[in-house]
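Below: the structure, in structure tokens.
The values are calculated or read from the model by the stated rules, or taken from the named source; none is laboratory data. These numbers come from a predicted model, not from an experiment. All Cβ positions, even for glycine, are placed from backbone atoms using ideal geometry, and neighbour counts span all protein chains on display.
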Amino acid sequence: MGLKVFLFMFLTTFLFNSAYAQIAVKGEIVYTMEGAPVKNGLVLINNGLIEWVGSASDRTIPSNYTIYEGKIVTPGLFDGRTTAGLTGLYNYNHDQEQLEKSDPFQPELRAVDAFNYSDELLKYLSSFGITTLHTGHAPGALASGQSMIVKTLGEYEPGQIVDSVTAVLFSYGSGVTANYKKPGSRSKAASMLREEFLKATTNAAKSDTSKKDARNLRAEIMEKVVKGEVKAIFTVHRANDILTVLRICDEFGIKPILDGASEAYLVIEQLKSRNIPVILHPTMQRAYGETQNLSFETAAILDSAGILFAIQSGYEGYVPKVRVVLFEAGVAAGYGLNFESALASITINPAKILGVENSIGSLKAGKHGDIVIFNGDPFEYTTKVCLVIQMGKVVSEECR
């Protein structure tokens, strides 16, 4: 290892670790999302990672740890699908990078190349306890691009990007035909998707690399999708469109993740039999067009059916564009979803769906030190977020 490389790694590690203190968080109730809630709970964080979780009576807090206390403690909240970081705070054209309309099929576009780490929207979301985003290009194209998982620090920090290429984002339905001259119908959209998957499957089957197509970014990412190396997320709402997506995915051996899924409650058996997870639309999304049949009760229906789901803040083409997922889960809790399932839908469930549950989504030794303290029930309207910790760093101490 060269001296310059060694010095760079040393300084990066030193600066990263020195920015993250030793913290003890005590709560009247700690929801770890790893089992039963812990009364009089304690979480220790050391150098950005959770060191210990349990009852405060079972562990003495070291003298050099800064102590924070509150009523309810949860993991940092995880927004399962958003465009934040590509969609800016102020709704001006210069900070709207969420959808490229030059071509309806562009899976090679990377969210990480357009993400604005310093956008004020990220700090705003963080102040409500949202520490992690699954963000990327907006719905509305057959393939709008790739997604990423990132922290909402509001500035660039080492280790902030959890996953730079999480999934390719596909869409199916009238939302696509409204944005592009081609495809102009659902059947054309389906045939274009099948054609792209067929190309990728054929290319992936070539064991001799010399016989593969000349290198291009689209072919490479699509091959990873059909091989299952990169997830395929489909924004789709109507029941008949959901069935079409499932049929196409069955044909090419792809296990999709459904996004939006306003009429998922009409195809419960088809989803359950295939073990298809759902990143559900914002509970309070406006019901019109493809989403006109959405229901406030869909989250509870999916939960009772045993279907793994998360709740998202989503994306809308008008203000507010990006919602606060905490409030969306709270409304779902008011329409039949039990408290812990609602909390799971914005913590551990999105982590499981997206394959990052080993590092985020719950309070467990070795995971990221992401914690939120509430001064009451997180889903009560009058409750405030009073402390937010990301990667072992206190980023907000103002109750709001």
Quick one: is Gln146 within 30 Å of Met391 (Cα to Cα) and at pLDDT 95 or above?
-> yes
If you go through the stretch 234-276, how many residues are within 24 Å of Lys199 (Cβ to Cβ) and touching a His at 6+ places or on another chain (Cβ under 9 Å)?
-> 1
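Being of a type in the set (S, T, N, Q) and touching a Leu at 6+ places or on another chain (Cβ under 7 Å) is the requirement here; does Gln312 meet it?
Details: of a type in the set (S, T, N, Q): yes; touching a Leu at 6+ places or on another chain (Cβ under 7 Å): yes.
Yes: the conditions hold for Gln312.
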Go through Leu99, Leu125 for me and flag whichever is buried (at least 24 other Cβ atoms within 10 Å of the Cβ) and either on the phi > 0 side of the Ramachandran plot or not in a strand (DSSP E or B) (or both).
-> Leu125
Pairs, first under 14 Å from Gly369 (Cα atoms) and modelled with pLDDT under 55 in the stretch 14-33, second outside any helix (DSSP H, G or I) and polar (S, T, N, Q), C-beta under 7 Å, six or more apart | Asn17/Asn47
Could you pull out the residue among Ala239, Ala287 that is in the same structural domain as Lys206 (by TED's automatic domain parsing), touching an Asp or Glu at 6+ places or on another chain (Cβ under 6 Å) and within 23 Å of Gly336 (Cβ to Cβ)?
-> Ala239
Looking at Leu343, is it more than 25 Å from Ser55 (Cα to Cα), part of a helix (DSSP H, G or I), modelled with pLDDT of 95 or more and more than 13 Å from the chain's Cα centre (by Cα)?
-> no
Any residue in the stretch 111-136 that's under 20 Å from Gly392 (Cα atoms): show its pairings with residues that are aromatic (Phe, Trp, Tyr) at Cβ separation under 6 Å, as long as the two are six or more apart or on different chains.
-> Tyr117/Tyr156; Thr132/Phe78
Could you list, in sequence order, the residues of the stretch 151-172 that are crowded, with 24+ Cβ neighbours inside 10 Å, out of contact with any Lys or Arg (no Cβ under 6 Å at 6 or more places or on another chain) and in a strand (DSSP E or B)?
-> Lys151, Val168, Leu169, Phe170, Ser171
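Among the residues of the stretch 84-95, how many are outside any loop (DSSP other than H, G, I, E, B), more than 23 Å from Ala261 (Cα to Cα) and within 19 Å of the chain's Cα centre (by Cα)? So that I can check it myself, show each step before the final result.
Just the residues of the stretch 84-95 that are outside any loop (DSSP other than H, G, I, E, B), to begin with: 84, 87, 93-95.
Subset that is more than 23 Å from Ala261 (Cα to Cα): 93-95.
Remaining after also requiring within 19 Å of the chain's Cα centre (by Cα): none.
Residues flagged as outside any loop (DSSP other than H, G, I, E, B), more than 23 Å from Ala261 (Cα to Cα) and within 19 Å of the chain's Cα centre (by Cα) within the stretch 84-95 amount to 0.
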Can you name every residue in the stretch 362-400 that is in a strand (DSSP E or B), more than 15 Å from Gly154 (Cβ to Cβ) and over 20 Å from the mean Cα position of the chain (by Cα)?
-> Ile373, Phe374, Val385, Cys386, Leu387
For the stretch 62-83, which residues satisfy the criterion of being in a strand (DSSP E or B) and either closer than 10 Å to Ala24 by Cα or at pLDDT below 95 (or both)?
-> Thr66, Ile67, Tyr68, Glu69
